[in-house]
Amino acid sequence: WVRPSLAELQVSPTIRDSFLERVQRLSRPAQDLLQAASVLAEATPATVVTEVASLTDQPAMTEAIASGLLREDDRARLAFRHAFMGQAVYEAIPGAERRRLHLLAGQALERLVPPPVVQLTRHFREANEVDKWCRYAELAAARAVASGDRTTATALLNELLARVGAGGGTAELPSATRARLARELAANALVRREAVDDLHRRVVDTLQLVLDSGLTPAEQALIRSQLGRLLAQQGDLGAAHSMLERAVDHLHHDSAEAARAMTYLGWPHLGPWPASVHLEWLQRAAEIDHSGLSLVDRYALTADRATALLQLGEEAGWVVAAELPDDAAGGEARRLLARANANIGYAAVLWGRDAEARRGVGAAQAAPDGVQ
């Protein structure tokens, strides 16, 4: 994101006013060109800048470049010579005009091949074009996930959904769309590499907003199941248990999400209840028909159930752990097996079974880069 970093620039009022006086000495077309360049925020093809400025004449571009405010690189792209210049021009644009220019920028950039989805997300957000903002935020998040950057995906989706119920416009999205985006947001937040941080806490707040935005009980249940796990990551175990328990009643019985919620309720760290309560949840999870689940879901559920049983001191945990393969094809499946080996290896330490501990930890450490 270019705009947030520019917004952090601290330019003294004296320098800003002096620069804006210099801008105002240019012709109106040249000023329009500078405004368009400030909205685009980064080096952009000259054809796009002139289109956003609604200009067709070359003299305005020549004037802006000759003034030393804009520069043209060897790829015919225009940008401000210094970042603070663009920020000063941008801040001086009235709000309504700024939204209009962002809309024009989004429409112009949409025609590029391939379309710059991150830039399009920003422009349609600032133009308050909710449907297109949603479309490009999802595309940008998917691209971030494909590159392994779950944090960027989380931030993009959270920024979109945080407006739900806050008067920002995204409440116009259909409830099914809000529910689907919330599930994508939670799924990305749950597997981020970073520890619990401010973004993690903002995601929890956003999901609570979505839950209060008129979803069906089934849609709410899917979000509550993920939200419960996020709350557990934050250490709010009582709220996590309550959220997961509420979710179970409205989840499809033989679904992966129902099995995940029940398995998580079986983990002994989730509350002060006796072992028998956790074992009952684990038994319910085991009774779910796993045949229709994906390979990755089956690995994850088996690993989590085995770990929970072992932490409860149940010998049956070793039998369940033995169901896991030594290796798997596909990055996500291998990542899950690496996590499973690490957790089971740690449980083996608690049991005093050193051979299993060495095997589990060794297998996790041997996982290829990017898998753990």
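The values are calculated or read from the model by the stated rules, or taken from the named source; none is laboratory data. Worth saying up front: this structure is predicted, and the values here are computed from it rather than measured. Counting neighbours? That spans all protein chains shown, and the Cβs are built from the backbone with ideal geometry, glycine included. These area figures cover heavy atoms from the full protein model, side chains too; ligands, DNA and RNA do not enter into them. Shrake-Rupley method; radii C 1.70, N 1.55, O 1.52, S 1.80 Å.
About its Cα centre, the dipole of segment 181-336 is roughly 300 debye, where the only charges are +1 on Lys and Arg Cβ and -1 on Asp and Glu Cβ. Farthest toward the positive end of the dipole of the chain, out of Val48, Pro59, Ala187, is the Cα of Pro59, where the dipole comes from beta carbon charges about the Cα centre.
When the charge dipole of the chain is built from unit charges on Cβ atoms (+1 for Lys and Arg, -1 for Asp and Glu) and taken about the Cα centre, the candidate among Val319, Leu231, Asn158 whose Cα reaches farthest toward its positive end is Asn158. With the charge dipole of the chain set up from +1 on Lys and Arg Cβ and -1 on Asp and Glu Cβ about the Cα centre, the Cα lying farthest toward the positive end among the listed residues His290, Leu26, Ala256 is that of Leu26. The share of C-alpha pairs in the chain whose separation exceeds 39 Å stands at 34 percent. Seen from Leu244, the other residues with C-beta closer than 10 Å to its C-beta sum to a net charge of +3, counting Lys and Arg as +1 and Asp and Glu as -1. Magnitude of the charge dipole for segment 228-314, about its Cα centre and with charges confined to Cβ atoms of Lys, Arg (+1) and Asp, Glu (-1), is about 180 debye. A Cβ-based charge dipole, computed about the Cα centre of the chain with Lys and Arg at +1 and Asp and Glu at -1, lands at about 680 debye. What the chain shows is 47 Å² of accessible area per residue, with the surface traced by a 1.4 Å probe over protein heavy atoms. Ordering 34-45, 209-220, 133-144 by mean Cβ neighbour count within 10 Å, with the highest value first, yields 34-45, 133-144, 209-220.
When every Cα-Cα distance of segment 229-366 is counted in 10 angstrom steps from zero, the calculated P(r) takes the values 13, 42, 37, 9, 0 percent. Taking all protein chains together, His250, His123 sort by accessible area into His250, His123, largest first [probe 1.4 Å]. Segment Ser291..Ala92, full-extension length gain: 65.6 nm, with 0.36 nm per residue of separation and the alpha-carbon distance subtracted.
Ligands, DNA and RNA left out, the 1.4 Å accessible surface of segment 92-200 is 52% carbon and sulfur atoms.
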